[in-house]
Amino acid sequence: MVRVGVVIAAGGRGTRLGGKVPKQFLPLEGLPILERTVKIFSRLPSVEEIVVATPRKHVRRAEKLLAGMGSGKVISVVPGGRERQDSVWEGLRAFLSKPTIVLIHDAVRPLVEPGVVTSAIVSAARYGAAVVAVKSHDTVKVEGKKGYLQKTLDRSRLWAVQTPQAFRYEVLVEGHRRAKRRGFHGTDDASLVERMGLPVRIVEGRPMNIKITTPADLRLAEMWLKERRKRPLRR
């Protein structure tokens with residue numbers, strides 16, 4: 001049986017959204033963003049444990065927020081580290097029972113669809129590692145000499161990475177251990193697995209699975225939620 005654990009990375013301070021409240025605690029259609037995100041995973045039968053990593057001074061706030069959810073799956077809120085990678089590592093160490101598959105998800109991606117999450121779990125169980133991503137619709141160029149473009153990348157092979165990212169637990173733990181020994185900090189967890197020479201499977205995501213970073217993102221998320229109510233979720 002596949003046992004799934006989830007680490008919700010909620011360490012952001014949300015300075016681009018303005019104000020003193022970290023963005024994961026801001027309301028989205030009447031519910032805090034963090035609560036919306038956690039609910040998506042708590043409702044999946046395969047998910048057994050959820051750990052939330054948040055800034056140290058907001059641990060108690062997150063605990064109070066999530067205590068009333070009633071699912072019993074949020075087993076710990078841990079203080080995050082200096083970097084996102086450090087926060088994920090603290091989350092990985094907090095599980096009560098070692099999961100078969102671990103999902104890493106941004107707290108401020110509250111619109112991921114359950115069907116996408118399930119696809120990531122299935123792919124990680126089969127291939128060892130899987131990342132949700134969408135095809136790039138933009139032309140991406142590489143800067144050479146500062147201020148000048150050097151070359152254009154093949155758009156047909158470019159993907160914009162989202163979360164969740166899913167891994168066999170032992171694979172991701174080993175990736176983190178090696179990164180810590182070598183002082184490497186990746187931009188996401190998949191990069192740690194890539195450095196081990198292991199393949200990472202692509203799971204096609206949805207455009208609405210945005211990361212809420214700016215006020216414009218928050219408004220867009222509200223629009224997506226209103227649109228979602230008009231149609232059933234993909235499962």
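222 nm [θ] for the chain, helices only, -39500 (n - 2.57) per DSSP H run of 4+, per residue, to 500?
Details: 7 runs with 76 residues, N = 235.
Taken over the chain, the calculation gives -10000 deg cm²/dmol.
Determine the dipole magnitude for the stretch 64-177: charges of +1 sit on the beta-carbon of Lys and Arg, -1 on that of Asp and Glu, nothing else is charged, the reference point is the Cα centre, and the result goes in debye to the nearest 20.
Values: 17 positive and 10 negative charges, 48 e Å.
Taking the Cα centre of the stretch 64-177 as origin, the dipole is about 240 debye.
I need the Kirkwood Rh of the stretch 50-95: take the reciprocal of the average 1/r across all distinct C-alpha pairs and report it in angstrom.
After inverting the pairwise mean of 1/r, the radius is 10.6 Å.
Where a ≥ b ≥ c are the square roots of the eigenvalues of the C-alpha gyration tensor, would you call the stretch 28-121 rounded, which needs a/c under 1.5, or, failing that, prolate if a/b is larger than b/c, or oblate?
On the way: a/c = 1.40, a/b = 1.09, b/c = 1.28.
Verdict is rounded for the stretch 28-121.
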Kindly count the pairs of lysines across the stretch 119-235 whose alpha carbons are less than 29 Å apart, treating pairs on different chains or eight or more residues apart as eligible. 13
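Give me the net charge of GLY5's neighbourhood, meaning all other residues with Cβ under 9 Å from the Cβ of GLY5; Lys, Arg count +1, Asp, Glu -1.
Numbers: positive: ARG3, LYS98; negative: GLU48, GLU49.
Neighbourhood net charge equals 0.
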Stokes-Einstein diffusion coefficient of the stretch 187-235, Kirkwood radius over Cα pairs, 10 °C, 1.306 mPa s, in µm²/s: 117 µm²/s
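All other residues with a Cβ under 14 Å from the Cβ of MET69 taken together, and with Lys, Arg as +1 and Asp, Glu as -1, what is their net charge? Could you put the intermediate results ahead of the total?
On the way: positive: ARG36, LYS39, ARG43, LYS64, LYS73; negative: GLU35, GLU49, GLU63.
Residues near MET69 contribute +2 overall.
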Between LYS20, LYS146, LYS73, which gets the highest mean-square fluctuation from a Gaussian network model of the chain, Cα cutoff 10 Å? LYS146
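Among DSSP beta bridges lying fully in the stretch 78-235, give the percent that are antiparallel, nearest 5.
On the way: 13 of 17 bridges.
Counting DSSP beta bridges with both partners in the stretch 78-235, the antiparallel share is about 75 percent.
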Taking the alpha-carbon centre of each part, the distance from the stretch 47-103 to the stretch 128-151 in Å is 32 Å
Under a point-charge model restricted to the Cβ atoms of Lys and Arg (+1) and Asp and Glu (-1), what is the dipole moment magnitude of the stretch 41-89 relative to its Cα centre, in debye to the nearest 20? 300 debye
To the nearest 20 debye, the chain has a Cα-centred charge dipole, built from +1 on Lys and Arg Cβ and -1 on Asp and Glu Cβ, of 320 debye
Taking Cα atoms of the stretch 138-178, Rg/Rh with Kirkwood Rh, to two decimals? 1.22
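How many percent of all Cα-Cα pairs in the chain sit more than 28 Å apart? Before the final figure, lay out the partial values.
Values: 8365 of 27495 pairs.
Beyond 28 Å sits 30 percent of the P(r) for the chain.
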Could you tally the net charge around PRO110, taking each other residue with its Cβ under 15 Å from the Cβ of PRO110, Lys/Arg +1 and Asp/Glu -1? +4
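What order do you get for 168-175, 3-10 when each peptide is scored by the mean count of other beta carbon atoms within 10 Å, highest first?
Values: 168-175: 19.4, 3-10: 25.9.
Peptide ranking by packing, descending: 3-10, 168-175.
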So how far apart, in nm, are the two label points at THR214 and SER156 if each is 7 Å from Cα heading toward Cβ? 3.2 nm
Have a look at VAL161, MET208, VAL140 and report the one farthest towards the positive end of the charge dipole of the stretch 129-235, computed about the Cα centre with Cβ charges (Lys/Arg +1, Asp/Glu -1). MET208
Pick from GLY68, GLY205, GLY147: which residue has the top mean-square fluctuation in a GNM of the chain where Cα pairs under 10 Å get a spring? GLY147
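Every number in this text was worked out from the coordinates using simple rules, so none of it is lab data. Since we're looking at a predicted model, the values are computed, not measured. Don't worry about glycine lacking a Cβ; one is built from the backbone with ideal geometry, like all the others, and counts go over all protein chains shown.
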